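To start, the structure under review is shown below, and the notes come after it.
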Amino acid sequence: MPKTALIIDNVADLPRLNTLFVDRGFDVSTAEGMHDLAYRPAYLDVDLIVLNLNLGPFSGIDVLDLLQERRIDSAIILISDGDTPSAGVLLRAGLERGLRMLGLMPRTVSAATLEQLLAPLETTQRPLTALDIDQGLAQQEFALEYQPKFDLESNTPCGFEALLRWHIPERGPVPPSRFIALAERDERIISLSWYAIDRAWALHARLIKQGYRLNIAVNIPPPLLGEPNVLERMDQLARRHQCSPKGMVLEITETSIIESISYARHMLEGFRARGFQLSLDDFGTGYSSMTQLAHLPYDELKLDRSFIAQCHEGDAEAITRSIVELGQRLGLRVVAEGIETQEQFQFLKTLGCDCGQGFHLARPMPEHDVETWLSSWALSTSLTP
């Protein structure tokens with residue numbers, strides 16, 4: 001099966017670039033800008049994307065944002081016209097978005113340089129498949145890391161968020177933005193979710209036995225809510241770990257149940273009856289926030305990191321203030337994610353935001369480090385029996 005490439009460029013030498021990749025065994029398609037990508041998503045189902053940094057009114061960042069939104073797993077090469085600093089910034093921006101950035105290609109690229117850029121496509125950087133996920137689960141390549149959550153008033157740990165990680169021995173860590181999208185597309189997200197819930201519950205039970213009173217949050221994807229016997233399976237896990245789910249938080253993305261509020265209410269009430277706490281994740285980024293708050297039994301709002309990153313700037317500051325106040329009026333705990341600076345921490349604390357997490361407070365850690373990390377704290381009475 002031939003490799004496929006999409007060249008995104010709007011300059012006169014597009015045919016030459018086309019030939020360059022056809023000669024190397026690619027089945028090539030071309031696009032001139034954002035319109036083609038936004039309205040013809042099938043264009044993006046390729047092994048390789050070759051992207052010009054400047055697409056008229058749109059920038060390379062605009063395209064990278066679109067690729068991130070579409071959760072594209074294609075490898076990406078940037079075309080550089082000689083402005084290396086700008087190209088380097090864009091390359092780093094792509095990596096930060098979890099995209100598979102192979103590198104920079106001068107428009108007058110030599111054969112040797114191009115072959116070097118394309119080499120990963122033949123080895124470790126081939127697109128992942130659903131079978132890779134199956135094999136990863138079977139060979140225990142998946143694991144959880146735990147990012148501490150802090151009470152912002154006392155600046156002491158109040159819980160953890162469980163974050164799923166994948167490390168393939170022959171190719172290294174796989175960004176979550178890549179494998180979660182693949183799992184959702186190829187119906188493996190359910191098996192990954194049950195793995196994460198089981199591992200998080202095991203740690204929760206262990207910490208309870210040691211006397212800690214901390215919550216542990218785990219993400220619940222939309223398909224899991226529609227699984228047959230999901231509540232019964234939760235009951236089985238409670239018996240297996242000999243620990244109730246009290247203190248476990250299910251983070252549910254606000255867009256995940258927009259089409260079935262009545263069914264969602266039944267499911268969420270079943271979770272709460274068993275002792276789970278419910279968090280409305282990524283609050284403020286979807287379309288049904290107020291409807292869900294009015295009709296569904298949440299305990300917590302989780303403020304999306306996009307607001308925190310700009311919480312001192314205009315609209316983002318106003319939205320952050322409004323969400324914290326809304327949570328307070330509704331009697332809900334408000335958690336901010338993505339706290340990166342002392343300034344953000346102090347701002348959220350001043351607003352009365354209850355909890356927060358982010359690199360400024362603590363980075364995610366492997367499961368085997370959690371208890372050691374906790375023991376290093378002078379634990380307050382809220383963390384002990």
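Of note:
- Residue match in region 116-137 (condition: buried (at least 20 other Cβ atoms within 10 Å of the Cβ), closer than 27 Å to Asp186 by Cβ, modelled with pLDDT of 80 or more and in contact with a helix residue (DSSP H, G or I) (Cβ under 7 Å, 6 or more places away or on another chain)): yes
- Listed conditions (1) at pLDDT below 80; (2) within 26 Å of Arg92 (Cβ to Cβ) are all met by Pro15, apart from (2).
- In region 362-378, the residue that is least open to solvent (accessible area, probe 1.4 Å) out of those that are assigned to a helix (DSSP H, G or I) and without any contact (Cβ under 8 Å) to a residue 24 or more places away in the chain is Asp369.
- Scope region 160-175; condition under 17 Å from Arg97 (Cα atoms) and at pLDDT below 80; matching residues: Pro175
- Being over 25 Å from Glu69 (Cα atoms) and touching an Asp or Glu at 6+ places or on another chain (Cβ under 8 Å) is a property that does not hold for Leu144.
- Contacts under 8 angstrom Cβ, first residue in region 310-325 being more than 19 Å from Gln342 (Cβ to Cβ), partner at pLDDT 85 or above and among the β-branched types (Val, Ile, Thr), 6 or more apart: Ile323/Val334
- Which listed residue, of Phe276, Phe347, Phe359, is among the aromatic types (Phe, Trp, Tyr), open to solvent by 30 Å² or more (accessible area, probe 1.4 Å) and at pLDDT 85 or above: Phe359
- Considering region 176-187, and only residues there that are surrounded by 17 or more Cβ atoms within 10 Å (Cβ to Cβ) and over 11 Å from Phe142 (Cβ atoms), the residue that is modelled with the highest pLDDT turns out to be Ile180.
- Qualifying residue in region 143-157 (condition: in contact with a Pro (Cβ under 8 Å, 6 or more places away or on another chain), modelled with pLDDT of 95 or more and among the polar types (S, T, N, Q)): yes
- Condition met for Glu227 (outside any helix (DSSP H, G or I) and touching a residue at least 12 places away in the same chain (Cβ under 8 Å)): yes
- Only a single item in (1) surrounded by 18 or more Cβ atoms within 10 Å (Cβ to Cβ); (2) assigned to a helix (DSSP H, G or I); (3) touching a helix residue (DSSP H, G or I) at 6+ places or on another chain (Cβ under 8 Å) is not met by Ser306, and it is number (1).
- Single match in Gly88, Gly94, Gly98, Gly82 (criterion: in contact with a strand residue (DSSP E or B) (Cβ under 8 Å, 6 or more places away or on another chain), closer than 29 Å to Thr129 by Cβ and either modelled with pLDDT of 80 or more or of a type outside the set (D, E, K, R) (or both)): Gly94
- Being open to solvent by 30 Å² or more (accessible area, probe 1.4 Å) and either modelled with pLDDT under 90 or at positive phi (or both) is a description that does not apply to Gly338.
- Filtering region 279-291 to residues that are polar (S, T, N, Q) and at pLDDT 75 or above leaves only Ser279.
- Out of Pro297, Pro245, one residue alone is closer than 14 Å to Ala162 by Cβ, assigned to a loop (DSSP other than H, G, I, E, B), modelled with pLDDT of 85 or more and open to solvent by less than 30 Å² (accessible area, probe 1.4 Å). It is Pro245.
- Residue list for region 192-217, restricted to those being touching a Ser or Thr at 6+ places or on another chain (Cβ under 8 Å) and at pLDDT 95 or above: Ala217
- Residue check, Gly60 modelled with pLDDT under 75 and open to solvent by 40 Å² or more (accessible area, probe 1.4 Å): no
- Within region 151-162, tally of residues that are within 18 Å of Thr372 (Cβ to Cβ) and crowded, with 17+ Cβ neighbours inside 10 Å: 4
- Single residue of region 326-340 satisfying the filter (assigned to a loop (DSSP other than H, G, I, E, B) and in contact (Cβ under 8 Å) with a residue 24 or more places away in the chain) that is nearest to Leu250 (Cα to Cα): Leu332
- Options Gln210, Gln236: the member that is more than 28 Å from Leu293 (Cα to Cα), without any contact (Cβ under 8 Å) to a residue 60 or more places away in the chain and loosely packed, with under 14 Cβ neighbours inside 10 Å: Gln236
- Within region 167-187, the set of residues being hydrophobic (A, V, I, L, M, F, W, C) and either over 13 Å from the mean Cα position of the chain (by Cα) or part of a helix (DSSP H, G or I) (or both) comprises Ile168, Phe179, Ile180, Ala181, Leu182, Ala183.
- Qualifying residue in region 326-333 (condition: among the basic types (Lys, Arg) and either over 17 Å from the mean Cα position of the chain (by Cα) or surrounded by fewer than 18 Cβ atoms within 10 Å (Cβ to Cβ) (or both)): yes
The values are calculated or read from the model by the stated rules, or taken from the named source; none is laboratory data. Fair warning: this is a prediction, and the values are worked out from it, not measured in the lab. Because the Cβ atoms are built from the backbone with ideal geometry, glycine has one as well, and the counts that use them run over all protein chains shown. Ligands, DNA and RNA are stripped out before the accessible areas are found, and what is left, the full protein with its side chains, is counted by its heavy atoms. Shrake-Rupley method; radii C 1.70, N 1.55, O 1.52, S 1.80 Å.
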